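The values are calculated or read from the model by the stated rules, or taken from the named source; none is laboratory data. Predicted model, so just to flag it, every value in this text is computed and none were measured. Using ideal geometry, Cβ is built from the backbone for each residue, glycine included, and neighbour counts are taken over all protein chains shown. Surface accessibility is based on the protein's heavy atoms, side chains included, excluding ligands, DNA and RNA. Shrake-Rupley method; radii C 1.70, N 1.55, O 1.52, S 1.80 Å.
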Amino acid sequence: MKLASLKAGRDGALVVVSDDLARQLAANMTLQAALDNWADAEPALQSLAGRVNAGEGEPFDESTCASPLPRAYQWADGSAYVNHVELVRKARGAEMPQSFWSDPLMYQGGSDTFLGPREPIVMASTDWGIDFEGEIAVVTGDVPMGATPAQAAAAIRLVMLVNDVSLRNLIPGELGKGFGFFQSKPSSAFSPVCVTPDALGGAWNDGRLHLPLLVSYNGAPFGKANAGVDMTFDFPTLVAHAAKTRPLGAGTIIGSGTVSNKDADGSPGRPVSEGGLGYSCIAEIRMIETIQQGKPQTAFMQYGDTVRIEMRDGAGQSIFGAIEQRVSAPQ
């Protein structure tokens, strides 16, 4: 089952979308309301899914979508791809603690205003080091405090893509204060469509999504790392980590962190143009350039730059629709 929220008010208008992303049927509720009452809402939504996949409904237009949850009670982003973390630290000459392989990193992001999948990334200065981060995210139902990974897995309701926008040049100063991200993590954007895990078929396996995340930067292929490879912590582990000391309310979003693969020989990944799997953020290629050449060569995003993040199934069909964003100055 595929769901989207059309732009309407603060919380959107939920629609059920056909598997081919061609049609929609109104659900007459918000996604948050459905998540709050999932036991009753899911059968009704599945009924609509059957109808829309049989040919009923109006044309679906991704450009009319807000993020599936235009705002959420909680957004916490992990860093499940330790290859990415290792590169970040190596580039600045820092050793990576061994605990990073057994205890997930996670920060709590702002969730009161998410960007729509086609809305611009508006920033007052490009000196802040504007970067995209292609990730996978899950949306949970209620999760009890102290939940096991098995309980966490049962609470995963939906899967979607995310562009976790980062302001790289502000991060060192904030982390230097010892109190985490805030200004360096502005509003994120999510894919037009979110899907139930069963709709992903065999690609959803062992709590991971085993498909390439396709990232284009200024119209050119930039990354195609497989989200199911090199993911040290699966989603049930990330959700259980978030719930260790607190319950999670229905509608909590948990991110994977930047999708990142090593090269076949175990070395840092190569650019797509050189036959590699590329990268899901600019920072990663800058890290590799620093390690190999002594300094970064690739600039962060400038006004007018564009990013597209998408995932396709084995038949080439877009699963979640595409995040397409342009960096813009305030008007």
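So, of the residues in the range 166-180 that are in a loop (DSSP other than H, G, I, E, B) and free of Cβ contacts under 8 Å to residues at least 24 places away in the same chain, which turns out to be nearest to the chain's Cα centre (by Cα)? Spell out the reasoning first.
Filtering the range 166-180 for residues in a loop (DSSP other than H, G, I, E, B) gives 168-170, 177-180.
Subsequent filtering for residues that are free of Cβ contacts under 8 Å to residues at least 24 places away in the same chain retains 177-179.
Numbers: Lys177: 27, Gly178: 25, Phe179: 23 Å.
Step by step, filter the range 166-180, then rank; the result is Phe179.
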For this session: Kindly indicate which of Arg71, Arg51 is among the basic types (Lys, Arg) and more than 17 Å from the chain's Cα centre (by Cα).
Result: Arg51
Exercise. Quick check, is Ala147 at pLDDT 95 or above, part of a loop (DSSP other than H, G, I, E, B) and either among the hydrophobic types (A, V, I, L, M, F, W, C) or surrounded by fewer than 16 Cβ atoms within 10 Å (Cβ to Cβ) (or both)?
Worked result: yes
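Hey, any hits in the range 12-19 for a residue that's of a type outside the set (A, V, I, L, M, F, W, C), in contact with a Gly (Cβ under 8 Å, 6 or more places away or on another chain) and open to solvent by 10 Å² or more (accessible area, probe 1.4 Å)?
Filtering the range 12-19 down to residues of a type outside the set (A, V, I, L, M, F, W, C) leaves 12, 18-19.
Those left that are additionally in contact with a Gly (Cβ under 8 Å, 6 or more places away or on another chain): 18.
So of that shortlist, the ones also open to solvent by 10 Å² or more (accessible area, probe 1.4 Å) come out as none.
No, the range 12-19 contains no residue that is of a type outside the set (A, V, I, L, M, F, W, C), in contact with a Gly (Cβ under 8 Å, 6 or more places away or on another chain) and open to solvent by 10 Å² or more (accessible area, probe 1.4 Å).
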For this session: Report the residue count in the range 99-127 for those that are farther than 26 Å from Leu214 by Cβ and over 16 Å from the mean Cα position of the chain (by Cα).
Result: 9
For this session: Out of the residues in the range 212-226 that are of a type outside the set (A, V, I, L, M, F, W, C) and part of a strand (DSSP E or B), state the one that is surrounded by the most Cβ atoms within 10 Å (Cβ to Cβ).
Result: Gly223
For this session: Tell me which residues, restricted to the range 279-317, are part of a helix (DSSP H, G or I), without any contact (Cβ under 8 Å) to a residue 60 or more places away in the chain and open to solvent by 30 Å² or more (accessible area, probe 1.4 Å).
Result: Gln292, Gln293
